[in-house]
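The values are calculated or read from the model by the stated rules, or taken from the named source; none is laboratory data. All values derive from a computational prediction rather than experimental measurement. Note that we place each Cβ from the backbone using ideal geometry, even for glycine, and neighbour counts take in every protein chain shown.
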Amino acid sequence: MNKDYKYLPKDQRKKILLICDDIRVHSGVATIAQQIVKKTCQHYNWVQIAGAIKHPDQGKKLLLDKEMAKETGVKDPSIMLYPVHQYGDSTFLRQIINHEKPDAIMIFTDPRYFAWLFNSEDQIRNSIPIIYLNIWDNYPAPMYNKEYYESCDLLLGISKQTVNINKLVLGDKGKNKIFKYVPHGLNDTLFNILDDNSPELLQFKKNLGLPEDNNFHLVFNSRNIRRKQPSNIIMAWKLFTEQLSPKEAKKCQLTLKTEASFDHGTDLTAVIEYMCPPETCRVGVLQHKLSTQEMNLLYNSADGVIQISTSSLPNKSYFIFSILSNSSVVSKGR
């Protein structure tokens, strides 16, 4: 239980309507949203419009009280899910508001998915405040998000830069808003540093196919979609390994924790076969879902984790290659 939020009896708690990815799935948004719900369920009652593409549970009403009580130790949590395709619509939202009577609405993901909600914000905010947990990491500031930000009462930024950007975009329109810095946290009971000689970790590395004398292991953990640019990472890895001797290159591996092929992404198997000689440009694809404990093992097996986005740089492959080339593998001859 999070001691920062004292326990309140269920009938004294405020109710928050959360709209984002279903907290039971494995997306980044869902993972963080799940942790927020778990760590505050002794202080708030939660209802979720639980989004997914073609949600298999659409139309159902799911009560997670027993599961959440077991996982958190809170004796009487109140967690209700309404699964929907994508994130619902204004009609469905009005139905949930009328039935659940939430004290606040909290949204979390790209604001473009909530245009339908923002179009009704003048009616909603007469009685229910809107909270937006958001991130925007780079300049220029997205002035085109101004109307979205204006439609919210509380803007939670997961980085200090996000908070500054929210304020910059809103300008004078932000004087009646509340801004808070709420960084994503690490649950150190789930993710922690393991001993390099841990039998469990050594077996996991073996299952990954890492060489026994592995010297550098880089991990990509994201979706195989265009804006995540996994093909660019593979190209950068190839350029990197070409700077090593064949002996050293054999000791390095890139592991892609993603789909090998996806309609909205790339056939990574074909990319690897075309670009990467298996002896000197080792790339593995890890497709199956991992438990939290297995994810902890994956991160402990890595010397680094790499994530990139679509439009920050004109030629990411060579930029990433320049970073890798200055890593300790090359500069220290590991």
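Answer with yes or no whether residue 6 is under 19 Å from residue 158 (Cβ atoms), out of contact with any strand residue (DSSP E or B) (no Cβ under 9 Å at 6 or more places or on another chain) and either modelled with pLDDT under 95 or not hydroxyl-bearing (Ser, Thr, Tyr) (or both).
Here the answer is no, as residue 6 does not meet what is asked.
Determine which single condition residue 136 fails, assuming it passes every other condition in (1) closer than 30 Å to residue 176 by Cβ; (2) modelled with pLDDT of 95 or more; (3) within 19 Å of the chain's Cα centre (by Cα).
So residue 136 meets the others, but not (2).
Within the range 198-217, does at least one residue satisfy the condition of being outside any helix (DSSP H, G or I), under 25 Å from residue 32 (Cα atoms) and touching a helix residue (DSSP H, G or I) at 6+ places or on another chain (Cβ under 6 Å)?
No, the range 198-217 contains no residue that is outside any helix (DSSP H, G or I), under 25 Å from residue 32 (Cα atoms) and touching a helix residue (DSSP H, G or I) at 6+ places or on another chain (Cβ under 6 Å).
With the structure loaded, tell me whether residue 138 is over 26 Å from residue 185 (Cβ atoms), out of contact with any Asp or Glu (no Cβ under 9 Å at 6 or more places or on another chain) and surrounded by fewer than 13 Cβ atoms within 10 Å (Cβ to Cβ) or whether it fails that test.
no
Being surrounded by fewer than 17 Cβ atoms within 10 Å (Cβ to Cβ), at pLDDT 90 or above and closer than 30 Å to residue 125 by Cα is the filter here; which residues of the range 169-225 pass it?
171, 172, 173, 175, 176, 177, 178, 179, 180, 181, 182
Can you give me the number of residues within the range 141-169 that are in a helix (DSSP H, G or I), within 25 Å of residue 185 (Cα to Cα) and not hydrophobic (A, V, I, L, M, F, W, C)?
The number of residues fulfilling the criteria is 7.
Starting from residues that are not in a loop (DSSP other than H, G, I, E, B) and not polar (S, T, N, Q), keep the ones in the range 256-273 and report whichever is nearest to the chain's Cα centre (by Cα).
Here the residue is 257.
Just for helices (runs of 4 or more DSSP H) wholly inside the range 40-131: which have at least 3 residues that are surrounded by fewer than 18 Cβ atoms within 10 Å (Cβ to Cβ)? Spell out the reasoning first.
Values: elements: 65-72, 90-100, 115-118, 121-124.
The helices (runs of 4 or more DSSP H) meeting that bar are 65-72, 90-100.
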